[in-house]
1. Under 27 Å Cα-Cα from A:K304, which lysines qualify once same-chain neighbours fewer than 8 residues away are excluded?
2. Need the full-extension length gain, A:T260 to A:A230, defined as separation in residues times 0.36 nm minus the C-alpha distance. One decimal, nm.
3. Would you work out the charge dipole size for segment A:168-277 about its Cα centre, treating the Cβ of every Lys and Arg as +1 and the Cβ of every Asp and Glu as -1, and quote it to the nearest 20 debye?
4. Which residues does a label at A:K157 reach in segment A:83-103, if reach means a backbone N under 16 Å from a point 7 Å past the Cα toward the Cβ?
5. Check cross-link reach from B:K17 to the lysines: straight Cα distance under 23 Å, and skip same-chain residues fewer than eight apart.
6. In chain A, which longest range has no GluC sites (Glu not before Pro) that are both DSSP loop (not H, G, I, E or B) and surrounded by at most 13 other Cβ atoms within 10 Å?
7. Where does chain A land on Rg/Rh, using Cα atoms and the Kirkwood Rh?
8. So which aspartates and glutamates pass the test for B:K12, namely a Cα distance under 13 Å, with those fewer than 8 places away in the same chain ruled out?
Amino acid sequence: MIVDAGDTAWVLGAAALVLFMTPGLALFYGGMVRSKNVLAMMVQNLGAIAIVSVVWAIVAYSLAFGPDAGGGFIGTLRLAGLAHPNAQVPGYHLTVPPLAFAAFQMMFAVITAALLTGTGADRMRFGGFLVFAALWSIVVYAPIAHWVFSPEGWLFKRGVLDFAGGNVVEIDSGASALALAFVLGRRHGWPREVMAPHSLPLTVVGAGILWFGWFGFNAGSALASGHVAAQAFVSTQLAACTGLLGWILVERWRTGHATTLGAASGVVAGLVAITPACGYVNSMAALLIGFLGGVTGVLAVSAKFRFGYDDALDVVGVHGACGVVGTLLVGVLAMRGAGAHLLGEQALAVIVTIGWAFTLTYAVAWLVERSVGLRVPPQVEIEGLDTVVHAESAYDFGNVRATRMG
Amino acid sequence: MRLVTAIVKPFKLDDVKQALHELGVEGMTVSEVQGHGRQRGHTEVYRGAEYVVDFVPKVRIEVLVDDETAVQVVDAVTTAARTGQIGDGKIWTVPIDDVVRIRTGERGPDAL
């Protein structure tokens, strides 16, 4: 295989940008939880980076991108342990080293698992989450990545278009979040008690880092530097902006206020919606997709109150719902191949992704809850995870309350 | 000796402090508190979830003075903290049995 220097430089840089999204997510989510749980949220995100990267290298990468085991359902273990780093990735015609590709895809697996910390906010065990994230990456993420991303996957072969992970990352995490919310149950006091964000400035900084990293996520998914990467980059920026505008327009109309949290959430909703589409649509279509993503997000986050599931930080509403909208809009707005046939294939991908992710995540979460435990005891939840689970507090305003032991 | 306690709007703290200094009152204790009388709180909205915030930020000022000064302090704070709007706060005084200046051990009026 021929390795192109420019492509390699861009994909490696993009991989680092995507990694940076997860600490960004830690800030985005950390600001939204109550001050007694902010460190627990952040360390779960750091933990996701560590555990998923390890699992990815050992086995999950091969299950996702290894040679197909038959039927386009799962890869074999030929690439387990990142073996054969100089051989072309099955089905691809990459101009970057396979290890650069493996590293880039590793960061996708990391952030997809990390998104689930938003659903489990305020009540998920740290150790239980790490076990869950490891199993989930193997059982839920790797197969869906194989179906949709790998040229040997069955949905890819049917012609499903997912440029940067509308199915693999967004719908996958949204449907998994719903299952996780059911297994974990509601937070103590939800929805009656006030659970307002403790620091929206952290959330805004986090949204900014996600936005920045998303250029690597989307434009990097071209897996080369050139026209397609440039289109994906521009689509990403435009959709983030119209996502913001769509969200705050609707909330201004519904509640009378354009909020900071709404603006930050709208950015993410627009970015989610453009993810499957960014390299397949033109710039004006990207404006529309982002706007519809923002409008979908602000309407979808109300659903948890109507149906009574405690998806604490709205992973279902923002990633699930906006991911579905973006994936379906590819069938309508793609520059090549748009039409009833493509729309049907996109809808099929949405349905099977939701079905697989919801069912298998429910099973994995249930198993972890029954074995090592996935939810903290009530008294820990009431006192706060930071002091009880991690023996730290995020904000120390003086030394009156403590003396040095020993 | 009396303890004068005043709950006032936070932005009026400087005016009250100035008025007390003009009276010759040398010390005070200030704390940031939350509460409400007739003033209503406000509503906050986070992703569509509305919360009513009942308690309004206030500043609590406490001054220990002799009985005569207490009357002047109450008048001075009343003038300095008034805006005429709901939520201006309250002042009350209570008698104090004893006061000790920790540094010297002085007691009673000498310690003020």
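1. A:K36
2. Gain in length upon complete extension: 7.8 nm.
3. On the way: 5 positive and 4 negative charges, 61 e Å.
Around 300 debye, computed over segment A:168-277.
4. A:90-92
5. List returned: B:K9, B:K58, B:K90.
6. In short, A:194-391.
7. Details: Rg = 20.4 Å, Rh = 21.0 Å.
Taking Rg over the Kirkwood Rh, I get 0.97.
8. B:K12 reaches B:E32, B:D88.
Just so you know, all these numbers are worked out from the coordinates, no wet-lab data involved. All values reported here derive from a predicted model rather than from experimental measurement. As a convention, Cβ positions derive from the backbone with ideal geometry for all residues, glycine included, and neighbour counts pool all protein chains shown.
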